[in-house]
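Here's the structure we're looking at; comments come further down.
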Amino acid sequence: MDLAYTPEEEEFRARLREWLGRALPSLPPKPSPDDWPGRRAYDLGWQRRLYDAGYADVHWGASPTVRLIFLEETEKAGAPYVGANFVGLLHAGPTIAAEGTAGQRDRWLPPILRGDEVWCQGFSEPDAGSDLAALRTRARRDGDDYVVSGSKIWTSHAEVADWCELLVRTDPEAPKHRGISWLAMPMDAPGITVRPLRTLAGSAEFAEVFLDEVRVPVANRVGDENDGWRVTMVTLSFERGTAFVGEVVACRRVLRELAGEARKNGRWDDPALRRRLGRLNAEFRALWRLTQWNVSEAEMSGGVPGVGGSVFKLRYSHARQELYDAAADVLGPESLDLDRPWVLDRLSSLSYTIAAGTSQIQRNIVAERILGLPKGR
Amino acid sequence: MRFQLAEDQRALRDGVREVLARCFGPEALRAAVDDPGRLDRALWRELGAAGFFALRLPEARGGVGLGLPEAVLAFEEAGRALLPGPLVATHLAAGDVPGAATGEAVVTAVGNGLVEWLTEADVVQGDAAGAVPLRAVDPLTPLHRVPVGAPVSPLAVLLTAAEQLGSATRTCELAVQHARVREQFGQPIGAFQAVKHLCAEMLVRTETARAAVYAAAVTAEPADIDTARLLADEAAVRGARDCLQVHGGMGFTWEFELHLHLKRAWLRTHRAGPATESEDRLAAELLTESA
Ligand SMILES: Cc1cc2nc3c(=O)[nH]c(=O)nc-3n(C[C@H](O)[C@H](O)[C@H](O)COP(=O)(O)OP(=O)(O)OC[C@H]3O[C@@H](n4cnc5c(N)ncnc54)[C@H](O)[C@@H]3O)c2cc1C
């Protein structure tokens with residue numbers, strides 16, 4: 001049991017740090033949150049820089065520890081987060097790498113890594129959220145194509161995406177987990193309508209996607225026909241397993257900034273608030289240790305991240321909300337000003353116990369898959 | 001970075017668990033509860049012979065020569081088994097107090113306003129003048145109040161956190177076992193989400209505390225130890241309460257071992273002084289560069 005990194009890992013860290021020190025000052029200014037084309041260009045531009053410097057495939061090409069170091073260092077340096085590349089780099093990419101054919105890997109992986117193409121995730125439907133396997137979007141086979149009709153909802157980044165990892169029902173007669181397939185759908189295909197939805201944070205972060213007789217080549221199916229649920233589980237394990245590492249580092253930075261702000265505005269003298277920040281420090285320190293624990297476990301077992309990701313996701317999503325609630329108490333009445341730092345973060349943190357599987361669903365997973373409690377009826 | 005138990009650490013943990021099952025199993029626990037306030041000297045010597053107290057003492061000085069992570073694993077098992085006695089004080093005295101390492105001597109230490117096992121101890125570290133006995137809530141830990149407390153060492157805080165972790169692990173296990181077999185309304189209660197989610201949260205608290213406690217054992221840094229303490233206290237106390245809830249009326253009985261876990265967990269939360277002091281230190285740390 002140790003927390004030491006190998007000389008190679010330390011060397012990777014040093015090289016990355018040095019490169020970030022050179023690369024970040026020349027970064028273009030950050031676009032406004034509502035400027036979607038601007039955000040796309042900014043995020044892809046950053047990915048391209050990573051690609052040219054040889055860091056692009058760190059999310060699924062490197063060892064878990066190297067990836068941890070990458071996320072830690074980029075966050076510490078204040079580098080851009082994956083942003084619009086989220087689904088491509090963290091879900092679709094690793095899924096295609098694990099489940100796709102050689103041809104599919106050649107077609108889709110390099111553009112993700114080079115920052116040429118953006119992906120979105122078309123899993124949820126109006127009547128299939130937590131109960132994802134209840135999805136109804138139909139794909140009928142017609143020659144070399146699937147003809148897809150239905151609708152998806154809460155699709156993040158749909159407006160700027162080139163591809164969608166789409167779950168469709170290919171066998172309506174089969175039991176609900178059995179008749180699903182995983183398709184890569186080009187977002188410019190005829191028959192797709194994207195209608196942005198406004199989030200409670202005010203911006204159009206996600207969208208409804210309507211699919212009317214959209215033709216998707218059968219060759220775009222990843223995994224076997226009707227075996228999409230298994231492929232989906234692979235995708236979700238990536239989503240829950242490792243997607244939040246950089247954010248924990250960011251939360252620890254926010255906490256330090258909060259302490260500094262409280263010192264400046266006098267609220268530090270309130271022992272109750274101060275101790276709340278102290279307890280949050282313990283919380284995020286522990287979450288960082290849990291991250292290291294999970295990463296080491298993944299490293300040693302050499303596989304796809306396990307259900308341990310649910311343990312982390314549960315604790316983290318609530319801690320993040322407590323962090324920004326504490327921020328509001330540090331700010332006082334200024335927490336009602338959208339132009340103050342942390343206020344928008346407080347709003348977006350509200351989604352953390354919902355998106356990527358609600359806390360209730362995560363508790364079911366922990367109880368049934370780790371503790372072996374019986375499934376409810 | 002290999003932040004997972006190594007093979008020999010796993011073996012050590014299993015070994016300690018076996019020793020404790022042999023020398024302090026369920027019957028011994030019951031017997032201790034029925035005859036409270038007396039420290040079992042034979043048990044103490046057995047622990048000494050097994051190397052429990054001399055674990056971190058260098059081999060050159062007759063010890064086992066292991067490190068803090070191994071001690072933490074051993075104390076986790078002690079917490080799991082509800083092993084009674086001034087374990088932390090005696091372990092920390094090994095090498096300084098003659099007989100402590102072998103379990104010949106029982107050592108206690110004046111802590112934060114309290115002394116455990118004062119009348120049964122051979123050696124008392126600190127000033128116990130004016131100690132007044134009290135009717136301790138934990139039947140397995142006799143207590144005295146002292147007018148002048150003493151600061152508690154970070155190592156004692158960490159080993160206590162390890163005991164809390166063991167207790168949290170055990171109560172989670174007990175709750176899950178019960179939830180799988182106890183049936184109501186024609187199905188195991190563990191199939192009800194209200195129960196299932198209690199159990200899931202117990203595991204989440206335990207595993208988060210585990211990462212914090214093990215990390216503190218590796219680094220021995222003050223902020224890591226404060227973190228471990230806060231998380232482990234939470235896991236142990238709330239774990240015991242949730243375990244009680246999952247057991248219904250049975251959880252409220254003297255017969256069932258659960259109350260002993262809860263009472264000891266409460267007691268341990270006081271060993272390191274008020275939790276607010278840990279919080280204050282961790283808050284102050286946020287203003288430093290190293291946070
Ligand atoms: C910001 C954001 C971004 C998102 N991005 C995407 C995306 O890009 N692509 C995509 O496909 N999806 C996306 N989602 C959708 C997300 O995965 C779903 O919102 C989530 O899975 C919950 O589904 P739902 O909204 O239908 O809620 P419901 O499933 O209707 O749940 C409503 C409530 O009921 C509870 N509940 C439901 N079932 C159970 C149960 N069995 N036991 C106990 N409680 C239960 C839930 O916990 C919740 O509290 C996003 C969501 C958000 C908020």
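What the table below lists for this structure:
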quantity: Along principal axes, Cα extents of the protein assembly as shown, largest first, whole Å; calculated: 86, 60, 51
quantity: GluC sites (Glu not before Pro) restricted to the stretch A:155-197 and DSSP loop, no more than 16 other C-beta within 10 Å; calculated: A:173
quantity: Peptide B:2-9, shielding by other chains (average Cβ, 10 Å cutoff); calculated: 5
quantity: Cα gyration tensor shape of chain B, rounded if a/c is under 1.5, else prolate or oblate by comparing a/b with b/c; calculated: rounded
quantity: J(HN,Hα) series, the stretch A:104-116, from Karplus relation 6.51 cos²θ - 1.76 cosθ + 1.60, nearest Hz, glycine and proline x; calculated: 5, 5, 5, 6, 9, 6, x, x, 5, 5, 6, x, 9
quantity: GNM flexibility winner over chain A from A:322, A:208, A:11 (Cα, springs under 10 Å); calculated: A:11
quantity: Per-residue average of Cβ from other chains inside 10 Å of A:354-365; calculated: 2
quantity: Gaussian network model of chain A, springs between alpha carbon atoms under 10 Å - residue of A:12, A:206, A:70 with greatest fluctuation; calculated: A:12
quantity: Given chain B, longest segment not containing exposed loop chymotrypsin sites (Phe, Trp or Tyr not before Pro) (DSSP; at most 13 other Cβ within 10 Å); calculated: B:1-184
quantity: Candidates A:336, A:20, A:132: whichever shows maximal mean-square fluctuation once chain A is modelled as a Gaussian network with Cα springs under 10 Å; calculated: A:336
quantity: Ordering of B:146-156, A:48-58 by packing [mean C-beta count within 10 Å, highest first]; calculated: A:48-58, B:146-156
quantity: Prolate/oblate/rounded label for the stretch B:28-122 (Cα gyration tensor, a/c 1.5); calculated: prolate
quantity: 10 Å Cβ neighbours from other chains, averaged over peptide B:188-197; calculated: 5
quantity: Pairwise Lys count, the protein assembly as shown - Cα closer than 18 Å, eight or more residues apart or different chains; calculated: 5
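Read-outs: derived from the displayed coordinates by stated rules, not from any lab. Just so it is clear, the model here is predicted, and its values are computed rather than measured. In this analysis, Cβ positions are derived from the backbone assuming ideal geometry, glycine residues included, and neighbour counts consider all displayed protein chains.
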